[in-house]
Every structure is written in C-alpha cells, then in structure tokens.
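The values are calculated or read from the model by the stated rules, or taken from the named source; none is laboratory data. Being a predicted model, the structure only gives us computed values, none of them experimental. Neighbour counts are summed over all protein chains in view; Cβ atoms, including those assigned to glycine, are modelled from backbone coordinates with ideal geometry.
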Amino acid sequence: MLSVYAGPTDTPMLRRSPLAATMSPAESPHALAAAAVQALGEGRRALWRGSRARVAQLRAARDDPRLGDALRA
C-alpha cells in the first residue's frame, strides 16, 4: 500500500482554479504517476511531492491533525 501526498498537479481542475497562480510549479500527472510506480517498486509506504513548505504542511497534518488544521487556516 502506498499513500501519495501530491503537490499541485497540472490538471484541468487546477488550471481553472483562481489559486493556481499562487501555487508552486505544478507537476505533470505523468511525472506523478511515474514517481508513484517507482515508490511502489521500492516498497515505500508514502510518497511526498510538492514544495518543502507543502510537504512540511502535509506531514504536520498527518502527525498532528490540529496543527495541520492551524497551518491551513
């Protein structure tokens, strides 16, 4: 089992978002899928993608949901 914590991904939904311009560069869906396949092959349990700040936010939310909520507020 692999948990994927994706950063901004270049999809039609993201392109329509008014927040798209404020996000770090979006990763292509192909690159994200390739990284997930590689992580599965390596036997990893989690794949973290996106900027350092985004990864730190996701990890905080996983480890301490209240802190994660505070960071998103």
Is it true that some residue in segment 27-44 is among the basic types (Lys, Arg) and either surrounded by 14 or more Cβ atoms within 10 Å (Cβ to Cβ) or within 20 Å of Leu2 (Cα to Cα) (or both)?
-> yes
Show the residue pairs that are 6+ apart or on different chains and have beta-carbon atoms under 8 Å apart, the first residue being within segment 51-73 and at pLDDT 80 or above, the second being in a helix (DSSP H, G or I) and acidic (Asp, Glu).
-> Ala61/Asp69
Filter the helices (runs of 4 or more DSSP H) completely within the chain down to those with at least 1 residues that are of a type in the set (D, E, K, R).
-> 12-16, 52-63, 65-72
May I ask you to list the residues in segment 45-63 that are closer than 16 Å to Glu27 by Cα, of a type in the set (A, V, I, L, M, F, W, C) and surrounded by 13 or more Cβ atoms within 10 Å (Cβ to Cβ)?
-> Leu47, Trp48, Val55
